[in-house]
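Every read-out reported here was derived from the displayed coordinates using simple, explicitly stated rules and does not represent laboratory data. Everything numeric here is computed off the predicted structure, so don't read it as measured data.
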Amino acid sequence: MGGVIKMSQDELKVILQKGEGQFIEFKESAKGLDKEIVAFANAGGGKLFVGITDKNEIKGINITNKLKSDVQDIARNCDPSINII
């Protein structure tokens, strides 16, 4: 997994106002991340925000080492492998 990209609260606010689109997806939980990651890879990339509802509400999520490892495994097991930042 690449480095962490930090964004300001103002940048996040703009993304939340615009909502989901072709290159932006909100997921309330980590469930189903594999499908979203592969879909973005097939579409040429995008940004996946976990812990945000479809109504653009920030709920948050506990980012554990297991979750990070699971995301890395998903990306690594794709053919070709996916670079995740």
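State the percent of C-alpha pairs, over all pairs in the stretch 3-85, separated by a distance greater than 16 angstrom. Can you show the working numbers first?
Values: 1857 of 3403 pairs.
Cα-Cα pairs of the stretch 3-85 separated by over 16 Å account for 55 percent.
At 0.36 nm per residue, minus the direct Cα-Cα distance, what do Asn77 and Ser8 gain on full extension? Give it in nm, one decimal, please.
Numbers: separation 69, 0.36 × 69 = 24.84 nm, distance 3.18 nm.
Fully extending the segment from Asn77 to Ser8 adds 21.7 nm.
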